[in-house]
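Student: Starting off with a structure, shown below.
The values are calculated or read from the model by the stated rules, or taken from the named source; none is laboratory data. Bear in mind the structure is a predicted one, so any value in this text is a computation, not a measurement. Cβ sites come from the backbone with ideal geometry, for glycine too, and all protein chains shown count toward neighbours. With ligands, DNA and RNA removed, areas are computed over all heavy atoms of the protein, side chains included. Shrake-Rupley method; radii C 1.70, N 1.55, O 1.52, S 1.80 Å.
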Amino acid sequence: MNLEIKFFSMLQKFMRIQNINCSAISATYRRWYTSSTEQNKYKFEDDFIASHIETTRFQKLLLTAGSAVISLLDPMRADMIAVMGETAGENAMRYMLQKMKTDEEGREILRINSQTVDLEKLRTFPDGTLGKWYITFLDKNKVTPDSRNPVQFIDDVELAYVIQRYREVHDLFHTILEMPTNMLGEVTVKWVEAIQTRLPMCVGGAVFGSLRLYPKQRDKYVKYYLPWAIETGINSKFLMNVYFERRWEQPIEDLHHELNIKLLEIP
């Protein structure tokens, strides 16, 4: 933690010299040590303007390097992974944006604004539907769709929305792939995401996260999880183009068939 505090203290001093407002970074830093969750009350464009921090290429490089080091030391630091995702991989973001623009459902997603998911309504859906699977996943893993950091360091509003959307549906990827949120599950999902999105943070999470697996986990990972994740990433539909909010009542088996996803089976 001392390393993290020292790094961001130096970064804030540097940005003050460059006449950049650091209040948003300070707010982000405080959020790391609180458990508050806030609802998305405004349109994404308003959120983008409010949270955006303009940075130079050099400053983005500093943020990328610092967040990458901390992420390697502690792969569970989602906040640092988020920073790295925003400051590295612009080409991957443009690739994702283009994939969404060339797909009918993807284009619809680009026109919507993020809204808080009605969790109580999801509980009313029948067993076997996407909505029921999703709420079961959230309850089982004690996570919430509202615990997302705002995009801050991306300058293009369209690219910022793509990354925000990726964060929003990450848990849904876990859900439809039936992967837990432990290290093995995260690494497996990261491989699928890395192949489909080309985001450096996903590639790094997939490669370096696997080094932290326990020996028994690593055996299963190499033999079953990794080959399955690569096959799924290549052969399944581009998951960012799935308008999940319109599919809560869809039977999960039908969705798997439509997306060409075959769940992992371990003998």
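Student: Work through the residues other than Glu105 whose Cβ is under 12 Å from its Cβ and net out their charges, Lys, Arg +1 and Asp, Glu -1.
Tutor: Working: positive: Lys99, Lys101, Arg107, Arg111, Lys237, Arg246, Arg247; negative: Asp103, Glu104, Glu108, Glu245, Glu258.
Residues close to Glu105 contribute a combined charge of +2.
Student: Still on this structure: Over the heavy atoms of Arg123, what accessible area does a 1.4 Å probe trace out, to the nearest 10 Å²?
Tutor: 90
Student: Could you sort out which of Lys220/Lys262; Lys101/Lys237; Lys132/Lys262; Lys190/Lys223; Lys99/Lys140; Lys99/Lys142 sit more than 25 Å apart by Cα distance in this structure? Please report the intermediate quantities before stating the final value.
Tutor: Numbers: Lys220/Lys262 18 Å; Lys101/Lys237 15 Å; Lys132/Lys262 19 Å; Lys190/Lys223 17 Å; Lys99/Lys140 32 Å; Lys99/Lys142 32 Å.
Checking Cα-Cα distances, Lys99/Lys140; Lys99/Lys142 exceed 25 Å.
Student: In whole Å, how far is the Cα centre of the range 176-252 from that of the range 152-166?
Tutor: Cα centres, the range 176-252 to the range 152-166: 22 Å.
Student: Rounded to the nearest 10 Å², what accessible area does Thr64 show when all protein chains are kept and the probe is 1.4 Å?
Tutor: 30
Student: Oh, and also: I'd like the FRET efficiency for Ile230 and Asp46, computed as 1/(1 + (r/R0)^6) with the beta carbon distance as r and R0 of 41 Å, rounded to 0.05. All intermediate terms of the calculation are to be shown ahead of the outcome.
Tutor: Working: r = 40 Å, r/R0 = 0.96.
Efficiency, from the Cβ-Cβ distance: 0.55.
Student: If we sort 77-89, 232-244 on the protection proxy, mean other Cβ atoms within 10 Å, highest first, what's the order? Intermediate results must be reported in sequence, preceding the final value.
Tutor: Details: 77-89: 22.5, 232-244: 18.0.
Highest-to-lowest ranking by the protection proxy: 77-89, 232-244.
Student: How do Lys220, Lys60, Lys140, Lys99 stack up against each other in accessible area, from largest to smallest, with a 1.4 angstrom probe? Present the calculation step by step, with values, prior to reporting the outcome.
Tutor: Working: Lys220 105, Lys60 35, Lys140 160, Lys99 75 Å².
Largest accessible area first, the residues go Lys140, Lys220, Lys99, Lys60.
Student: Summing Lys, Arg as +1 and Asp, Glu as -1, what charge do residues with Cβ under 12 Å from the Cβ of Asp155 carry, Asp155 excluded? Mind dumping the intermediate values first?
Tutor: On the way: positive: Arg57, Lys60; negative: Glu54, Glu86, Glu90, Asp156, Glu158.
Net local charge, Asp155 excluded: -3.
Student: Further, regarding this structure: Sticking with the crude label model, points 7 Å out along Cα→Cβ, report the distance from Leu73 to Lys142 in nm, one decimal please.
Tutor: In this crude label model, Leu73 to Lys142 measures out at 2.5 nm.
Student: Given the protein chains as shown and a 1.4 Å probe, how many square angstrom of Glu108 are accessible, to the nearest 10?
Tutor: 50
Student: Using 0.36 nm per residue of separation minus the Cα-Cα distance, give me the extension gain between Leu61 and Arg123 in nm, one decimal. Write out the running numbers ahead of the final one.
Tutor: Numbers: separation 62, 0.36 × 62 = 22.32 nm, distance 4.36 nm.
Working it through step by step, the gained length comes to 18.0 nm.
Student: For Thr129, enumerate residues with amide H under 5 Å from its amide H, sequence gap 5+ or separate chain, H modeled in the peptide plane.
Tutor: Here Ile252 satisfy the definition.
Student: So, one more: Positive end of the dipole of the range 121-173, charges at C-beta (+1 Lys, Arg; -1 Asp, Glu), about the Cα centre: which of Ala160, Pro126, Leu138 has its Cα farthest in that direction?
Tutor: Farthest towards the positive end: Pro126.
Student: Further question: Can you tell me which of 221-228, 255-262, 185-192 comes out highest on packing, and rank the rest after it, using the mean Cβ neighbours within 10 Å?
Tutor: Ranking, from highest mean packing down: 185-192, 221-228, 255-262.
Student: Rank these residues by their accessible area, most exposed first, probe 1.4 Å: Met183, Met93. Could you put the intermediate results ahead of the total?
Tutor: Numbers: Met183 40, Met93 5 Å².
From most exposed to least exposed: Met183, Met93.
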